[in-house]
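The block underneath contains the structure these notes are about, expressed in structure tokens.
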Amino acid sequence: QDYTIGLSNGWVGSEWRTQMIDEAKAAAEAWKERGVNIELVIQSSDVDVQGQIGAVRNMMNQGVDAIIINPNSPTAFDPVFAQAAGAGILVVATDAEVSSSDAIYVGIDQTDWARKSAQWLADTLKGKGSIVTINGVAGNPANEMRVAGYREVFSKYPDIKVLNEANANWDQAQGQQTMQNLLATYPDIDGVWVQDGMAAGAWRAIDAAGKTDTIAATGEIRKDFMDLWSSKHLNSGASVNPPGVMASALNVAVLKLQGKEFKDGIFAGKYGNAIYIPIPFVDNDNLADNLKAAEGKPGYWSITDTVSIDDAEKNYFK
Amino acid sequence: MTAALTARSVQKRFGAAVALSNAALTLERGEVHALVGANGCGKSTLSKIIAGTVQRDSGDIVVNGAPLVLSSPAEAEANGISLFYQELSLIPQMSVEDNIFLGREPRNGAGFVDRKALAKKADALLQRFAPVAGRGLNSKARVSDLSPDQRQIVEIVKVLARDPDVVIFDEATAALDHRQVELFFRIIGEMKDKGVSFLFISHRLAEVFAVCDRITVMRNGESVDDFVTAETDMDTVVRAMVGDIAHDLDPAPSTDFTSASARLVVQGARGQRLQDVSFSLRPGEILGLGGLQGQGQSILLQSLFGAEPLTGGRVLIEGRPVVVRTPRAAVRHGFGYVSGDRGRDSALQGRSIFENMAIAEWVAERRRLVWPGRLQARLSEIAQSLNTKYPSLDAPIDALSGGNQQKVFIARWLATNPVVLLLDDPTKGIDLAAKADFFRLVRNLAAAGAAVLFYSSEDAELIGLCHRVLVFNSGRIVAELERAELTSFNLTGAAYGSAA
Amino acid sequence: MTLANALKGRVWLVTLAALIVLVIVNAYLQSNLFTPRVLKSNLTVFLPLVLIAVGQTYVILAGDIDLSVGAIVALVNVVTVTVIAGIGTEDAAAVLAGILAGLATGVACGLFNGFLVAALRLQPIVATFATGILFSGIALRVLPTAGLPVPAPYWRTYAGGLFALPVVLWIFIAVLIAVGILGARPFLRHLTAVGGHRAAAFQTGLAVTRVRIGGYVLAALFSAVASLCLTGETASGDPLMGGSLALGSVSAVVLGGTALSGGSGSAFGSVLGALVIGMIGNVIFFAGLPFEYQTLVKGVITLAALAGGVVIARR
Amino acid sequence: MERFRRLLTEPLVLASLAILVLLGVGEFLSPGFARGGQIARILTVSAILGLVSAGQALVVIGGREGIDLSVGALISLGALVAGNVMSGENGAIFSAILAAGGLAFVIGLVNGMGVTLVRIPPLVMTLGMMGVIQGGLVVLSRGIPSGNAAPALMTFINRPLVFGLPGVLFVWALVALAMWFILRRTALGYAIYAMGANERAARLCGVRTGLVRTLLYGLSGLMAGLTGVCVIGYTGNSFISVGDQYVLPSVIAVVIGGVSLAGGTGGYFGVVLGAIALTLLQSVLTTLQLEFWGRQLIFGAVLLGLMLLYGRTKRLRV
Ligand SMILES: Nc1ncnc2c1ncn2[C@@H]1O[C@H](COP(=O)(O)OP(=O)(O)OP(=O)(O)O)[C@@H](O)[C@H]1O
Ligand SMILES: Nc1ncnc2c1ncn2[C@@H]1O[C@H](COP(=O)(O)OP(=O)(O)OP(=O)(O)O)[C@@H](O)[C@H]1O
Ligand SMILES: [Mg+2]
Ligand SMILES: [Mg+2]
């Protein structure tokens, strides 16, 4: 069988996204062994919502069988996905959930992702202390879900005081700058909940202030950060958002294209269209193992995980 | 019968500078009233106050017996007042007809611009100037493509199109030639008979005496005298304008240059609007360029200075051929160039007088580093030798009046010790006293060995200053007048002679 | 020489030529380009930038610039969806109320910009950048994160047809008519004069401040309509919408032959400029470039087109 | 009274006042804000903005609506190139500076030639160039920020060198001195002002305006490239959009510093103060416990307020 699948990525600002595309390409390649030829149509450039809608429309006009999208908005694609579905095109979102009932989501539960690391921080602080958070882009849905996730956890600990919630736009330099300002404002910070690449920046500021021993902070999953983590003995822990999500989505999509039916009751999420995949966690206990797995990989490489074809078939399909 | 317009004890300051301390005038219905005075005495400021573009500090403007409180030019226009701006008020990118009716476009029922009506009206107005309009002036032409005199004509037409009761012409004839001025005066005459009143500002007293009924003289922001034209003479008016300064020009001494070797030789120069121009210029000589406006005199000067391209011919300095493709090369070869269009060609707006004076010296002397302290003494000496009035070298150039600015720009070139000085109608809009200073200066420079090429739109200046005059027409030299032949009659004759 | 004369003041002819070339290339790469479905789909994608570019033209003609149009799009969008959701019904009245609230918001933003730039005399680039920050702050206040679906009739209508033609085409035609009407009004000449030589326009008696404010209001109004279109396209609210529209609209305006310094150009050219920008994106998509090269090729083509437009505009 | 008013509208005075007020507000909101350590950290961040604003200031002073929107992409490029050349080796710092600065300088010259030879408006030319550089960055890096900063460079940027101040501040001081020297003690500097005030008049005085203007854009590129080196020294490693956040702030710092966007006025010391004031404002806002939108409103309003005080254009009716 031959399928044409469109991959839409609306942002090229990070190595994580590149790894995501690369792993998806590798997954498509792997289908050859099973006699399935997949032609990919990749749109990967910095565009805003309407630009990405344009790309999706172009894919539809080209007649793809499925579209896998890392969407720039949860809700804005509803009409265009409805049209795609009307044209018989399968739409799978990944990394960020979409509200459209004409699409499914294959990826992690961002709220749970945040819950896990927040829980780690709460446990590490033994349920007591002053913390600050550094978030991504205010208003961005993934950010809002993560904020909801950590708030839910911290609200359960009356002795954990959230001093400030800042935004650093998922930018490492801004994360570092923001952490500097927070350290100057609050001399007695015990913990920091910070997301993604900003964590490296925040840790750099903590390091510069000589507070690596007294502050616990969430981290990230790039190899070079884990090297630093290990060598400086940071008190850190990180939920993994694996770049392999798009590959997982692709595997699910191809199985669906082959006519398989989803199991009943596997869809979750607030839109009822999400297949959540497992979220690994890295902390001081398993850091060494993870570093071993990353051996030989470049510094930008992120810990990853893909739902294999067989697992997908077994877990999600009838 | 009430006067058309009365201004009483009008005062205006710009920051610390007092532009008007006590300006007053009465404009009777149907008269042409001159407003004269030295540069910076406040004529334009008073005009702009009357026209609503400048806000007065105190004083009264009375129109048709009613005091007028103006907050915008639109209100002045609604009261029948229209001003010809000294610096013009045209939009360069727009067509002549659109400019003429800007803000009062004829509309059709739907509120759209009625293009046909607009074109028809514009054509009718322009028709009056057709005999003297020159090539390219039509209602569809873009203003930026027009020559300076054509733009002035458009500004005149624009003023007239507003059907004003009171018209102020602020140096409306500055760029016009004889024939254009004559036609313009005829139109003023016709309108005057219909009861329109005119305020006429000019530094050309001959024109004032030719067309005006009465004269108000201003000095230092104050109205100092009123005359009935028929009962006075030029000397009296000039004395009222400048106080007691003598400013008569002695004719240039006739000197024999034939023995000296030429400093500048131009052979068969060709350019966009130049055809086969050849002449030579000797040290100490002041060579005039005459003729009607826009016959290539200005272009020649700019081409020699590298600001316009020459397509053919040779230029030799001290016998050696030189190629001057940029002003920078010209400066390095010892040329200096003073333009009459200060705002466009000379003024570094917002920068200090010091910088405005020093900039060419740095280029000429190939300086890399600058120590402002070292140059200051020399520059203030030069500026003072020109009788420049300025608060300090650090003051911004914009704080000087036009005449004093021009002195600064001349000082700019004196600082480079030029061997050839190119003067491109440099006295445009400069008052008589400043002009006299300027002439003395040029003459001293020549006496010290500089060679001067001098273009002026006023024959009197050529006659007063030059040893020799080349008369231009359509980009060629059509006559050469030696000192002895230099008369108004000969100049006019030569200018029109081959044109006719 | 004759060609240059013919082009004088009609730079949009060149933009049109560029557009035709792009359409031909696109048709070569995408065989079904000229099917009604694909044409409509393309127009739907291009329409918001077309609208904003038209609005931006009026500001630029007057010698100003509006960098807040993207933020206005976001603000209008969230106000519209919030008002509709607040009314709570899915009927035409609620939608209409939302649309009116959005348009009113747009006009208010335009008045605010115009007031700051023309009446308080702030420098347009920095001032509208700052107001853009304000507007997106307010948008985040109104709707903290993307969501709030609009009633289906809204986006179904937008995606549907009317008298056998798609609604988006009707909107496009309406834009062209609006451009034509504005072009025939004295106001456009006044804008152009104010941008061409502000002092002269003032001395001529034009109400310069009011004219400039008018330019900003027009820009904001077109942005608001663009936002309503985007709301039809996305069927939801998003406070971060429109981020790239400000600079994109400036590019479109320049591509369309309007001088950035003001005083010459046409909104019709900007329509073509916006279409050219959209078509560049399409051609790159269908050329099947490796994804690493998509951004670069788009950047190079856009820069070349901008440079070419400027060079020809000068002739 | 008149003198007092003139003093108050003097940009240098105003920017200094703004800095004092912000420090006061910061100290009031969070005691300890105006302490030495935090001030040094704020100055470090200001230095990075100040360096890129130096080039921006030159371009703006040079007139003809000069502006350089490509500085952000050039910073990213400088960081990427420097990171690759250094690869964490102290020995390669100098070559990294040379490579990043040199490449950015050449690209700046291309901007300059577009503006002078082809006469493209600077806003458009540099905007277009921004797109090209960003595309080039994706090609060069595939979205992956290979390369990282040498330890010595990171210490130089982040750690106190003398008097508790990091080395980058001394670089900034040197650049400020150089800017003063160029603008006030060289013929080139006066030529820049002359050109900004009246290009035609400057040319008629023998200034090679085309050459000078091209050089200005080259210098702006150079400063952006060097800023990129500082940024990677600040963050340790780079990503392809690391410079984006500096574009409009560099213009704003220039405006707050009293340089009119019309050209021909102003000096670099004002810009230094402008960069500090802007950084301080962002820092104070971070420490405010406000929702993100509230911070934005205050930021926008303060910007408008500063401009109202002295960034106004001339009246038409005088
Ligand atoms: N916009 C302004 N700002 C500051 N000062 C001004 C301004 N306009 C005029 N002045 C001052 O007012 C004085 C009068 O200038 P004005 O232009 O009225 O003189 P004028 O009589 O028209 O001179 P001219 O014969 O050269 O045209 C000048 O000395 C000048 O210093
Ligand atoms: N920014 C300013 N500050 C102070 N004075 C100014 C300023 N700008 C202009 N002026 C005044 O305005 C006058 C300039 O007016 P204008 O250019 O009409 O000169 P003018 O007096 O008319 O001389 P001319 O007849 O030679 O043109 C100057 O005399 C100057 O004193
Ligand atoms: Mg005057
Ligand atoms: Mg004057």
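The values are calculated or read from the model by the stated rules, or taken from the named source; none is laboratory data. The shown structure was predicted, so the numbers you read here are calculated from the model rather than taken from an experiment. Virtual Cβ from ideal backbone geometry, glycine too; neighbours counted across all protein chains shown. Ligands, DNA and RNA are stripped out before the accessible areas are found, and what is left, the full protein with its side chains, is counted by its heavy atoms. Shrake-Rupley method; radii C 1.70, N 1.55, O 1.52, S 1.80 Å.
Can you compute the FRET efficiency between B:Arg270 and B:Ser392 using 1/(1 + (r/R0)^6), with r the Cβ-Cβ distance and R0 = 35 Å? Round to the nearest 0.05. Walk me through the numbers before you get to the answer.
Values: r = 47 Å, r/R0 = 1.33.
With R0 = 35 Å, the Cβ-Cβ based efficiency is 0.15.
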Could you tell me which of rounded, prolate or oblate describes the range C:3-314, using a ≥ b ≥ c as the square roots of the eigenvalues of the alpha-carbon gyration tensor, with rounded for a/c under 1.5 and, failing that, prolate when a/b is larger than b/c and oblate otherwise?
oblate
Quick one: pull the percent of accessible area on the range D:2-310 belonging to carbon and sulfur, 1.4 Å probe, ligands and nucleic acids left out.
72
Once amide H atoms are placed 1.01 Å from N in the peptide plane, what residues at a sequence separation of 5 or more from B:Gly37, or on another chain, have their amide H within under 5 Å of its amide H?
B:Met218
Nitroxide proxy distance, nm - points 7 Å out along Cα→Cβ at A:Asp123 and B:Ser488:
10.8
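For peptide D:281-289, what's the mean number of Cβ atoms from other chains within 10 Å of each residue's Cβ? Intermediate results must be reported in sequence, preceding the final value.
Details: counts 0, 4, 7, 2, 2, 14, 9, 3, 6.
Mean partner shielding for this stretch: 5.
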For the range C:209-241, which residues drop by 50 square angstrom or more in accessible area between the chain on its own and all protein chains together (1.4 Å probe)?
C:Glu233, C:Thr234, C:Leu240
Kindly report, to the nearest 10 Å², the accessible surface of A:Asp264 as traced by a 1.4 Å probe over protein heavy atoms only.
130
222 nm [θ] for chain C, helices only, -39500 (n - 2.57) per DSSP H run of 4+, per residue, to 500?
-25000 deg cm²/dmol
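With a 1.4 Å probe and every protein chain kept in, tell me what percent of the accessible surface of the range C:3-314 is carbon plus sulfur. Present the calculation step by step, with values, prior to reporting the outcome.
Details: 7660 of 10340 Å².
Here it works out to 74 percent.
Among C:259-271, C:227-239, how do they line up by average Cβ neighbours within 10 Å per residue, starting with the highest?
Values: C:259-271: 23.7, C:227-239: 26.8.
So the peptides C:259-271, C:227-239, ranked by packing, come out C:227-239, C:259-271.
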At a 1.4 Å probe radius, which order do B:His33, B:His178, A:His233, B:His203 fall into by accessible area, largest first?
A:His233, B:His178, B:His203, B:His33
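Could you do me a favour and compute the accessible area per residue for the protein assembly as shown, 1.4 Å probe, result in Å²?
Working: 52500 Å² over 1451 residues.
Accessible area per residue: 36 Å².
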Averaged over the residues of B:108-118, the number of partner chain Cβ atoms within 10 Å of each residue's own Cβ comes to 2
Report the one residue of A:Met59, A:Leu121, A:Ile206 whose Cα lies farthest in the direction of the positive end of the charge dipole of chain A (charges on C-beta: Lys and Arg +1, Asp and Glu -1; origin at the Cα centre).
A:Leu121
Divide by every residue of chain D the summed helix terms, -39500 (n - 2.57) for each DSSP H run of at least 4, and state the resulting mean residue ellipticity at 222 nm, rounded to the nearest 500 deg cm²/dmol.
-24500 deg cm²/dmol
Would you mind working out the magnitude of the charge dipole of chain A relative to its Cα centre, with +1 at each Lys and Arg C-beta and -1 at each Asp and Glu C-beta, to the nearest 20 Debye?
320
Rounded to the nearest 10 Å², what accessible area does D:Val162 show when all protein chains are kept and the probe is 1.4 Å?
60
Per-residue accessible area, 1.4 Å probe, largest first, puts D:Phe94, B:Phe305, D:Phe105, C:Phe285 in the order D:Phe94, D:Phe105, C:Phe285, B:Phe305
Order the following by accessible area, largest value first: B:Lys12, A:Lys223, B:Lys140, A:Lys232. Probe radius 1.4 Å; ligands, DNA and RNA are ignored.
B:Lys140, A:Lys232, A:Lys223, B:Lys12
For C:Ala27, put the label point 7 Å out on the Cα→Cβ axis and report which residues of the range C:281-315 keep their amide N under 16 Å from it.
C:283
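What does the charge dipole of the range D:2-310 about its Cα centre add up to, to the nearest 20 debye, if the Cβ of each Lys and Arg holds +1 and the Cβ of each Asp and Glu holds -1?
On the way: 16 positive and 9 negative charges, 120 e Å.
Taking the Cα centre of the range D:2-310 as origin, the dipole is about 580 debye.
For C:115-126, what's the mean count of beta carbons from other chains sitting within 10 Å of each residue's beta carbon? Spell out each step's value before the answer.
On the way: counts 0, 3, 1, 1, 0, 5, 8, 8, 9, 2, 8, 12.
If you average over the peptide's residues, the count of other-chain Cβ atoms is 5.
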Would you mind checking A:Lys116/A:Lys292; A:Lys297/A:Lys318; B:Lys158/B:Lys428; A:Lys232/A:Lys297; A:Lys116/A:Lys263 for any pair whose Cα atoms are more than 31 angstrom apart?
A:Lys297/A:Lys318
What residues have an amide H closer than 5 Å to that of A:Val41, excluding those fewer than 5 places away on the same chain, when H is modeled at 1.01 Å from N in the peptide plane?
A:Ile5, A:Gly6, A:Leu7
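When you count, for each residue, the other Cβ atoms within 10 Å and take the mean per peptide, how do C:68-74, D:302-308, A:56-62 rank with the highest first?
Answer by packing, highest mean first, reads C:68-74, A:56-62, D:302-308.
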Estimate for me the total accessible surface buried between chains D and B (protein heavy atoms, probe 1.4 Å, no ligands or nucleic acids), in Å² to the nearest 100.
2600
Among B:Gln86, B:Val18, B:Gly134, whose Cα sits farthest toward the positive end of the charge dipole of the range B:1-152 (+1 at Cβ of Lys/Arg, -1 at Cβ of Asp/Glu, about the Cα centre)?
B:Gly134
At 1.4 Å probe size, with no ligands or nucleic acids counted, give the accessible surface of C:Ile65 in Å², nearest ten.
10
For a quick protection proxy, order the peptides A:145-156, C:116-127 by their average other-Cβ count within 10 Å, most packed first.
C:116-127, A:145-156
Using modelled amide H (1.01 Å from N, peptide plane; none on Pro or chain starts), what sits under 5 Å from the amide H of C:Thr258, excluding residues fewer than 5 places away?
C:Ser266
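What is the range D:2-310 by shape, rounded, prolate or oblate, if you read a ≥ b ≥ c off the alpha carbon gyration tensor as root eigenvalues and call it rounded for a/c under 1.5, prolate for a/b larger than b/c, and oblate otherwise?
Numbers: a/c = 1.60, a/b = 1.04, b/c = 1.54.
Here the range D:2-310 falls in the oblate category.
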On the protein heavy atoms, probe 1.4 angstrom, tell me the percent of accessible surface of the range B:5-242 carried by carbon and sulfur.
47
Percent antiparallel among DSSP beta bridges confined to the protein assembly as shown, nearest 5, equals 45
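How would you classify the range B:135-181 from its alpha-carbon gyration tensor, with a ≥ b ≥ c the square roots of the eigenvalues: rounded for a/c under 1.5, else prolate if a/b is greater than b/c, otherwise oblate? Don't skip to the end; give the middle numbers.
Values: a/c = 2.28, a/b = 1.30, b/c = 1.75.
It is oblate, given that a/c is not under 1.5 and a/b is not larger than b/c.
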What total accessible area, in Å², is buried where chains C and B meet, using a 1.4 Å probe and rounding to the nearest 100?
1900
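Please compute how much accessible surface disappears when A pairs with C, both sides summed, using a 1.4 Å probe, and round it to the nearest 100 Å². Display every interim value, and only then the final one.
Values: alone 13260 and 14950 Å², together 25680 Å².
Interface area, both chains combined: 2500 Å², rounded to the nearest 100.
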How far apart, in nanometres, would the label points at B:Arg344 and B:Gln127 be if each is projected 7 angstrom from Cα along the Cα-to-Cβ direction?
3.1
Gain upon complete extension [D:Gln289, D:Glu89; 0.36 nm per residue less C-alpha separation]:
67.9 nm
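Based on DSSP, what percent of beta bridges with both residues in chain B are antiparallel, to the nearest 5?
Working: 43 of 80 bridges.
Taking every DSSP beta bridge within chain B, about 55 percent pair in antiparallel fashion.
Report the GluC sites (Glu not before Pro) located in the range A:228-318 that are in a DSSP loop and have at most 15 other Cβ atoms inside 10 Å of their Cβ, or state none.
Values: sites: A:Glu261, A:Glu295, A:Glu313; in loops: A:Glu261, A:Glu295.
The qualifying sites are A:Glu261, A:Glu295.
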In debye, nearest 20, what is the charge dipole magnitude of the protein assembly as shown about its Cα centre with +1 on Lys and Arg Cβ and -1 on Asp and Glu Cβ, if you could check?
1900
